[in-house]
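Q: Okay, here's the structure, questions in a sec.
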Amino acid sequence: MKHLQLKGEMVRLEALNSDTDKEVIARWSAIPGSWLLLDALHGWHRPATDSEQPVDSVGFRIHALDESDPIGHAGLFGICWPHHEAWLVIELDDRAYWEGHYGPDALRVMLRYSFDELGLRRVAIGVFDYDARIMRALEEAGFMIEGRMLDESSHGAHGRAGLVMGIRREAWSGIQ
Amino acid sequence: MHIQLFEGERIRLAPIDPEKDAETISKWTHDPEYLRLTDAEPARPLSPVHVKKKLEESAKKAEKDRNRFDFGVRLRADDRLIGLASIRWIQWTHGSGVIRLSIGRPEDRGQGYGSEALKMLLRYAFDELNLHRVGADSFEYNAGALRWLERHGFAVEVRRRQAVNRDGRRWDVIMLGLLRDEIVMGALRDDWLRANR
């Protein structure tokens, strides 16, 4: 058995709790983050910590190593168990951490959790096509563009396309 | 893609209606043998109101936890409820679950309804929920059920020695399991292929 780490080189993840993290969740919900397309469509801010296992979503706080205040949040939502698929969201709410590889590191940790612990077979993510930096980070992690949602106009992104990118377990295993 | 999940030859897997079905299920609970063959809880007859409440509670819990699927077993001929079938304690990450199946009235047993329901339940577990393994358990004194499960491909995995105390003696609880590959390769293969042709 591999030793599961909810920790990368820059960040560690901690389970979001719907009771104790109310304030944090409210604060995040009010911030227009960078990856909002699917977040807005599905609204995953419902940590399912009072059920025995993740029902259709699971959420984490992202902390920089050795810091107690969270710098963002990550989660899987719309988990479809019979087919072992889910949507991923990662938001670094604190802009100070947009540089310095915190995002890609959180992405690595979330993928490890998705595939090694939850046993998912495919993870998808929504991103805007003007978000070149994030697309590059996703491609480096093994994501591929699966489709475009044309004329996605939420969040003032008129004329921009929302992209769906996905990664399959096999692709992820290949680059580990 | 055409696959019939809920309609069998003589029975169907149908929703349970707490309002309408409570009366029928309540009658089954007046038969201690039914209770003792299916459950380790102290046997006691339940009123229709009590049954209704239990059905509503488990439906609510199933909705919240989404790790359980309950069906009523109904005769296609007259829609009469003859039994209960469910897949419970699903651990989605591991693709495992446990089945429970009971036929209420003694005169409805031994007619092959249970076997038909079991095959449909397994098809649902493996083909629709894409589970990898299905467990079932029964008691040492329910030799009929144990033989029946083994005939359908289940293997005895765990024997919880003397876990149940009834009629002044202790009995083992037997836990069995069936893996996805085994149903394709094993005893149920012909039925399986026919049904999925």
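Q: For A:SER68, B:SER102, what's the largest-to-smallest order of accessible area, 1.4 Å probe?
A: The residues order as A:SER68, B:SER102, largest area first.
Q: While we're looking at this one, here's another question. Just subtract the alpha-carbon distance of B:PHE6 and B:GLU157 from 0.36 nm times their residue separation and send over the number in nm, one decimal.
A: Between B:PHE6 and B:GLU157, full extension yields 51.4 nm more.
Q: Please report how far the C-alpha centroid of region A:127-145 lies from that of region B:131-163, rounded to the nearest whole angstrom.
A: 50
Q: If you take the beta carbon distance between A:ARG121 and A:LYS7 as r and set R0 to 22 Å, what does 1/(1 + (r/R0)^6) give as a FRET efficiency, to the nearest 0.05?
A: Efficiency at R0 = 22 Å is approximately 0.35.
Q: Which order do B:HIS30, B:HIS50, A:HIS83 take when ranked by solvent-accessible area (1.4 Å probe, heavy atoms of all protein chains), largest first?
A: Result of the area sort, largest leading: B:HIS30, A:HIS83, B:HIS50.
Q: At 7 Å along Cα-to-Cβ for each site, give me the label-to-label distance between B:GLU107 and B:ARG147 in nm.
A: 2.4
Q: Then there's this: Taking 0.36 nm per intervening residue step and subtracting the Cα-Cα distance, what contour gain separates B:ALA43 from B:ALA62 on full extension?
A: 4.5 nm
Q: Hey, how many Å between the Cα centroid of region B:72-95 and the Cα centroid of region A:77-115?
A: 37
Q: Straight-line reach from A:LYS22: which lysines fall under 22 Å, measuring Cα to Cα and dropping same-chain residues less than 8 apart?
A: B:LYS64
Q: Another question about this same structure. How much of B:TYR34 can a 1.4 Å solvent probe reach, expressed as accessible area in Å² and rounded to 10?
A: Approximately 20 Å² for this residue.
Q: Further question: Residues with amide H under 5 Å of A:ASP93's amide H, sequence separation 5 or more or different chain, H placed in the peptide plane at 1.01 Å from N; which?
A: Amide H to amide H, under 5 Å and 5 or more residues apart or across chains, A:ASP93 pairs with A:GLY72, A:HIS73.
Q: Tabulate in residue order the Karplus-calculated ³J(HN,Hα) for region A:85-97, using 6.51 cos²θ - 1.76 cosθ + 1.60 with θ = phi - 60°, rounded to whole Hz; enter x for Gly and Pro.
A: 10, 7, 9, 10, 9, 9, 10, 9, 6, 8, 4, 4, 9
Q: Let me ask another. With a cut-off of 16 Å, note down the residues of region B:135-154 whose backbone N falls inside the zone around a label point 7 Å from the Cα of B:HIS94 toward its beta carbon.
A: Answer for this model: B:135-137.
Q: Which residues of region B:61-90 bury at least 40 Å² of accessible area once all protein chains are present, versus their chain alone (1.4 Å probe)?
A: B:LYS64, B:ASP65, B:ARG66
Q: Calculate the spin-label point distance for B:VAL173 paired with A:TYR130, positioning each point 7 Å from the Cα along the beta-carbon direction, and give it in nanometres.
A: 6.1
Q: Please list, in chain and number order, the residues 5+ apart from A:LEU16 or on another chain whose amide H is under 5 Å from its amide H, with Hs placed from the backbone.
A: Answer set, sorted by chain and number: A:GLY59, A:PHE60, A:ARG61.
Q: Using Cα centres only, tell me the gap between region A:55-75 and region B:27-67 in whole Å.
A: 41
Q: List the residues of region A:72-103 for which accessible area in the full set of protein chains is at least 20 Å² lower than for the chain on its own; 1.4 Å probe, protein heavy atoms only.
A: Those are A:TRP81, A:PRO82, A:HIS84, which lose 20 Å² or more relative to the chain on its own.
Q: Take the alpha-carbon positions of chain B, form their convex hull, and give its projected area averaged over all directions (one quarter of the hull surface) in nm².
A: The directionally averaged projection comes out at 11.5 nm².
Q: Could you tell me the largest-minus-smallest coordinate of the C-alpha atoms of region B:15-117 on each of the three principal axes, in descending order and whole angstroms?
A: 40, 30, 28
Q: With labels modelled as points extended 7 Å from the Cα through the Cβ direction, what inter-label distance (nm, one decimal) is found for B:ASP181 paired with A:ASP94?
A: 4.8
Q: Taking R0 as 41 Å, what FRET efficiency do you get between A:ILE145 and B:VAL164 from their Cβ-Cβ distance, rounded to the nearest 0.05?
A: 0.10
The values are calculated or read from the model by the stated rules, or taken from the named source; none is laboratory data. Quick caveat, the model's predicted, so the values are computed rather than measured. Every residue, glycine as well, gets a Cβ built from its backbone with ideal geometry; the counts of neighbours run over all protein chains shown. Calculation scope for accessible area: heavy atoms of the full protein, side chains included, ligands and nucleic acids excluded. Shrake-Rupley method; radii C 1.70, N 1.55, O 1.52, S 1.80 Å.
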